[in-house]
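The next block holds one structure in the form of C-alpha cells; read it before the comments.
The values are calculated or read from the model by the stated rules, or taken from the named source; none is laboratory data. This one's a predicted model, so the numbers in the text were calculated from it and none came from an experiment. When we count neighbours, we look across all protein chains shown, and the Cβ atoms used for this are built from the backbone with ideal geometry, even at glycine.
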Amino acid sequence: MGWAVGPIVVAAGVGLVLRPHLAPADLAMLMLLGVVVVAARNPRWIGVLGTVLAIVGYDLLFITPYYRFSVSDTAYLITFVVMLIVGLAIGHLTSLLREAAQHRAQRERIASTRLVLNERLGAVASADELAEVTAAVLTEATGASCRVCWVARGTTVEAVIDGLGQPRIDHGLRDGVLAILEGSLPHYLTVDGWLVHRIQEGERLWGVVTLDPGEPPRALLDQVPFLAAVLGQVGTILERRETAAAHEAVRVEVEAGRLRTALLSTVSHDLRTPLTTIEGSASTLLTGQDAIPQATRAALLEAIQDESRRMNRLIGNLLEMVRVETGALPVRRSWQPIEEVIGVALLRVEPRLAGRAVEVDLPEDLPLVAIDELLMEHVVTNILENAARHAPGETPIRISARATEESLEIRVRDHGPGLPDAVLAAGSSATVPRGRPIGPGAGHGLGLLICRGIVSVHGGTLTLANAPDGGAELTVRLPRGVAPDGPAHEEEVTA
C-alpha cells in the first residue's frame, strides 16, 4: 500500500512547493508522473487506486478554489479523465509485462528442475532411491519439506502415511491422502496447511507427494502449477522405466530361450561323439571276441575309457553351467598370485600336453588379484584343454599374463584352425546362433560359457579372437584392486 500512496504524496508535495511557479497543466503532468510510477510497479488494482488518489489530490491542491471538491473550470474534468485513462492503460500494460515475466521465470524454473531430475534419477535404480531423489529435488526447488511415497494398486492409506514418514494420528493429512488415492478430487488439495499432490501419468497413479507447511505455516497453493509440471515429468520417467524394464524382461526371456536352444544343440552334439565311439568300440569287442588281437583290444578299451572320461567331464561341465546360470555358484575370494593358478592348471592338463611345446610368459611383478583360486584354475584348465584339443599336436601353445592399470590379463594362444565363426559372431558371450552346433565334436561352447560365467562373477570379461597368422586367442581380464597388507581376507559371494 505504501507504493500506492508514496509516489502520489511525493508528487503532491513537490507540486505544492512549485505551485506558485507552475501552471495547472504542468502540475497535472507532475501528478501524472506519480500515477505512472505507481502503475508501473504494482498490480493493476493498486494502479487504479493510485490514479484515483492522484485525481483527488490534484483537485484539492491545484485547482481553485483550493482544498475543496469543486471545480471552477469544467475543462479540468477532461484532465481528470485523461489521468484516469493513462493510469488504467499503464497499469494494464505493466501487468501484462509482469505476468509474462513471471510466466517465463516459471517455465525456466520448471525446465531447470526437470533437467536436475533427469540427471539425478538417471543414476539411481531402486524405488526408495527414486523417492529420496525426487523429494530432495522438490525440497530444493520449493523451499518446503517434501516427502514422496510410491503407491500401487490396493495400497492402503496407512502404508502411504508410513511411507511418507508421518504420524498416523494426523487425521487431516490422512483424509487428504485418502482423497488423493480414491481419485475423487483434482490432482491436489490442501488440508490443515498440508499440500497433497498426486504423481500421475495418464490414468496411472504412481505416488503421492506432500509439502509440509512448516512453522510458522506458509501458503503452498502458489506451488501447485510448478508441482503439476514437474511431477508430470516424474510420472513420464517412471512410465518409461517400467516400459524399459518390461522390454528388458522380454529380451532376457528370449535370450534365455535362445541360450537353452544353443546349449541343447551343443550338449547333444558333444555327447553324440563319445557315445558313438563307445558304442562302436564296445560293438567291435562283442562281435570280434577272441579274434581281435590283444593290441587292438587294448586300444578299443582305452578308447572306451577316454570317451567315458570325456563324457564325465562334459556332464560335470553341464552341471557347473547350471550352477553358474542359476546364480548358485559360491565364490570364495582371496588375494592370490595368478602364477600359482596357471601353474596348477598346467599340471592338470600335462597329460594332454605331452609332447607339445608350451610357452609361458609370466613377469615377476604381477600383482595379486582377489579371486577364487579353484574356480579360476577351472577356467585356465578349460581354456588350455580347448587349445590342446583343437591345435595340431606339433604346434606350441602360449600362455602369458600382464598387468594394466585397471586389470590383470591372461592370454592363451594356440596355432590351430581358430575359433568357428559361430563362436566369434557371439563375441565374449560364447553363445551361438539358434540350432547351430559350435563345432565338430569340439565342445567349445559349453566350456567357454562356463568360463565366461566364472569370470563374470569375478567382475571380469572373456574375449575371443582369431590371430591374423592363424590360431585362436582367448583373453581373460580380471579387475585389479588394492591388496591388503595383512593376511589374505576371504570373502564369499554368490553369482
**Prompt:** Does THR113 satisfy being in a helix (DSSP H, G or I), surrounded by 13 or more Cβ atoms within 10 Å (Cβ to Cβ) and in the same structural domain as HIS21 (by TED's automatic domain parsing)?
**Reply:** no
**Prompt:** On the given criteria, is LEU53 buried (at least 19 other Cβ atoms within 10 Å of the Cβ) and closer than 17 Å to LEU84 by Cα?
**Reply:** yes
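May I ask you to verify whether GLN336 is in contact (Cβ under 8 Å) with a residue 40 or more places away in the chain and over 14 Å from ILE454 (Cβ atoms)?
yes
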**Fill in**
Scanning segment 404-441 for residues that are under 35 Å from the mean Cα position of the chain (by Cα), at pLDDT 60 or above and under 22 Å from GLY453 (Cα atoms) gives GLU406, SER407, LEU408, GLU409, ILE410, ARG411, ASP421, ALA422, VAL423, LEU424, ALA425
**Item:** Set ALA262, ALA219, ALA256: member being buried (at least 16 other Cβ atoms within 10 Å of the Cβ), modelled with pLDDT under 75 and farther than 27 Å from GLN305 by Cβ
**Value:** ALA262
**Request:** Please determine, by comparing only the residues of segment 272-302 that are buried (at least 17 other Cβ atoms within 10 Å of the Cβ) and within 55 Å of the chain's Cα centre (by Cα), which one is modelled with the lowest pLDDT.
**Result:** THR273
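Quick grid of which residues meet (1) in the same structural domain as ASP469 (by TED's automatic domain parsing); (2) among the polar types (S, T, N, Q); (3) within 22 Å of GLY418 (Cα to Cα); (4) modelled with pLDDT under 85:
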| residue | (1), (2), (3), (4) |
| --- | --- |
| ARG313 | no, no, no, yes |
| SER334 | yes, yes, no, no |
| ILE338 | yes, no, no, no |
| ALA354 | yes, no, yes, yes |
| ALA357 | yes, no, yes, no |
| PRO392 | yes, no, yes, yes |
| ALA401 | yes, no, yes, no |
**Request:** Provide a single number: the residues in segment 328-381 that are part of a helix (DSSP H, G or I) and under 39 Å from the mean Cα position of the chain (by Cα).
**Result:** 13
**Complete:** Of the residues in segment 75-115, those that are of a type in the set (S, T, N, Q) and under 30 Å from GLN223 (Cα atoms) come to THR94, SER95, GLN102, GLN106, SER112, THR113
**Prompt:** Given LEU368, LEU346, which one is in contact (Cβ under 8 Å) with a residue 24 or more places away in the chain, assigned by TED's automatic domain parsing to the domain that holds ARG402, surrounded by 15 or more Cβ atoms within 10 Å (Cβ to Cβ) and farther than 20 Å from ARG413 by Cβ?
**Reply:** LEU368
